[in-house]
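Let me begin by presenting the structure, written as structure tokens, before commenting on it.
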Amino acid sequence: MNIKNETADRRTNRTQKALRNALIELILEKHYDTISVQDIIDRADIGRSTFYNHFRDKEDLFRGDWERVLHHFVEQITAENLREGRIFPIRGTV
């Protein structure tokens with residue numbers, strides 16, 4: 001792979017990670033059905049056309065990497081609950 005392709009791959013990975021992280025943060029704040037693509041791109045600080053270069057819609061973003069999203073989501077919930085002193089068996093509920 002040449003340097004130009006490596007740079008493009010890193011940029012693609014960075015963009016997709018920013019979009020995934022934005023979606024995860026928003027899911028922690030409000031119900032999935034109320035989250036719009038505009039919410040996601042605002043949070044990720046990425047343009048609408050860039051979003052659509054990578055994903056068809058928010059469902060595509062979520063489904064495209066759902067295992068990683070779910071794992072990160074569980075980690076975030078667990079970390080938040082530990083900080084607030086609330087411990088519950090999350091793994092049994094997921």
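Would you check which residues across the range 2-49 are in contact (Cβ under 8 Å) with a residue 40 or more places away in the chain and among the aliphatic types (A, V, I, L, M) and list them? Of everything in the range 2-49, those that are in contact (Cβ under 8 Å) with a residue 40 or more places away in the chain and among the aliphatic types (A, V, I, L, M) turn out to be Leu19, Leu23, Ile24, Ile27, Leu28.
Can Leu28 be described as closer than 13 Å to Lys58 by Cβ, surrounded by 10 or more Cβ atoms within 10 Å (Cβ to Cβ) and at pLDDT 90 or above? No: the conditions fail for Leu28. Residue check: is Ser49 modelled with pLDDT of 95 or more, surrounded by fewer than 13 Cβ atoms within 10 Å (Cβ to Cβ), among the small types (Gly, Ala, Ser) and more than 15 Å from the chain's Cα centre (by Cα)? In short, yes.
Every residue in the range 1-41 that is of a type outside the set (Val, Ile, Thr), farther than 25 Å from Val74 by Cβ and outside any loop (DSSP other than H, G, I, E, B), please. Steps first, please.
Within the range 1-41, the subset of a type outside the set (Val, Ile, Thr) is 1-2, 4-6, 8-11, 13-14, 16-23, 25-26, 28-33, 36, 38-39.
Checking which are farther than 25 Å from Val74 by Cβ leaves us with 1-2, 4-6, 8-11, 38.
Matches in the range 1-41: Lys4, Asn5, Glu6, Ala8, Asp9, Arg10, Arg11, Gln38.
What number of residues within the range 56-91 satisfy the criterion of being at pLDDT below 95, closer than 17 Å to Gln16 by Cβ and either part of a loop (DSSP other than H, G, I, E, B) or hydroxyl-bearing (Ser, Thr, Tyr) (or both)? Qualifying residue count, the range 56-91: 1.
The values are calculated or read from the model by the stated rules, or taken from the named source; none is laboratory data. What you see is a predicted model; the values in this text were computed from it and never measured. As a convention, Cβ positions derive from the backbone with ideal geometry for all residues, glycine included, and neighbour counts pool all protein chains shown.
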